[in-house]
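What follows is a set of notes on a single structure, which appears directly below.
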Amino acid sequence: MSVDARVLHRRRVLGKVGRYALLSVLAAVVIFPVYITIVNSLLPSDAITHQPPKFFPADPQWGSYRTAWNAGHMGHYLVNSFIVTFIITIGQVVTAILAGYAFAFLDFPFKRLLFVVFLATLMVPFEVTIVTNVATISSLGLYDTYAGLAVPFLATGFGAFLMRQAFLTLPHELRDAAALDGYGHWRFLWRVAVPLARPAVAALSVFAFLSAWNQYLWPLLITKDDRLRTVQIGLKQLQTVSLDRFNVTFAGAIIAVIPLVVLLLFFQKHLVRGLTAGAVKG
């Protein structure tokens, strides 16, 4: 190996080591708050504010999780969150697939203008329309119902944009060939386009699940019945019930985040592929 080749190889190795070192530091920054939350959930309440802080529980208090589950009714709130999140996720995926296909393959008047309007909705904060949404849901008789919790979020401009970009990566010759075989738009969509765009569908599902699961303000405004409230409101109520038991509140937070961690572990590859699927062709 020549001198130049050895120098080039050494630079590549050092560059790779530097990238991994940077990623390790960033991962530690992201994981550290979660680790501290887990530690605090296992410490006695009086030890959480102890100085210097403890980074490992010498005598884990596993009973804090049982207390959070029972006293905070976490099981009931988790079921409500799963129901609402499932409805919102399915609704967003279906509407995004239909809108994305229309913008990618169909020709109709004001197509570009309508797509710009879809994108413009991403710039409007939800808080701007929340008063109108509450009034609309109340007038429809959906206050204090699962439908009222889910209906305003069944469609999203981001989902339509993501699926349009994914469908644009499919060659139009594929649509022409399917038409020769007697495939109409509906059959082509569900039997050809959607299976080929599975990474984007999975990515959209993850984003819809995360946003729906973490909602706090909307469920707080649209429900008064505790039997319909979601896990984020349950955490707030748990905090008010356990004012002197900080470890119970931290335990409730860990219980609430477990479904999100499981979801990301199973769909992380699809999430990355879905986000990069339409990065080249626009």
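The values are calculated or read from the model by the stated rules, or taken from the named source; none is laboratory data. Quick caveat, the model's predicted, so the values are computed rather than measured. Methodologically, a virtual Cβ is constructed for each residue, glycine included, from the backbone with ideal geometry; neighbour enumeration extends over all protein chains shown. Remember, those area values only see protein heavy atoms, side chains included, never the ligands or the DNA or RNA. Shrake-Rupley method; radii C 1.70, N 1.55, O 1.52, S 1.80 Å.
A compact table of results
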quantity	calculated
Condition check for Ala197: touching a Leu at 6+ places or on another chain (Cβ under 6 Å), open to solvent by less than 30 Å² (accessible area, probe 1.4 Å), assigned by TED's automatic domain parsing to the domain that holds Ile130 and touching a residue at least 40 places away in the same chain (Cβ under 8 Å)	no
All positions within region 51-69 that are open to solvent by less than 90 Å² (accessible area, probe 1.4 Å) and without any contact (Cβ under 8 Å) to a residue 40 or more places away in the chain	Pro53, Pro57, Pro60, Gly63
Residue that is farthest from Leu162 (Cα to Cα) [pool: residues in region 200-216 that are in contact with a Leu (Cβ under 8 Å, 6 or more places away or on another chain) and small (Gly, Ala, Ser)]	Ala202
Residue that is nearest to the chain's Cα centre (by Cα) [pool: residues in region 97-109 that are over 26 Å from Asn214 (Cα atoms) and open to solvent by less than 20 Å² (accessible area, probe 1.4 Å)]	Tyr101
Residue identified as surrounded by fewer than 18 Cβ atoms within 10 Å (Cβ to Cβ), touching a Leu at 6+ places or on another chain (Cβ under 7 Å) and modelled with pLDDT of 90 or more among Val84, Val94, Val134	Val134
Some residue of region 234-247 being open to solvent by less than 30 Å² (accessible area, probe 1.4 Å), in contact with a Phe, Trp or Tyr (Cβ under 6 Å, 6 or more places away or on another chain), in a helix (DSSP H, G or I) and at pLDDT 90 or above	no
Some residue of region 202-218 being part of a loop (DSSP other than H, G, I, E, B) and of a type in the set (Val, Ile, Thr)	no
Within region 12-50, considering residues that are among the hydroxyl-bearing types (Ser, Thr, Tyr) and within 27 Å of the chain's Cα centre (by Cα), the one surrounded by the most Cβ atoms within 10 Å (Cβ to Cβ)	Ser41
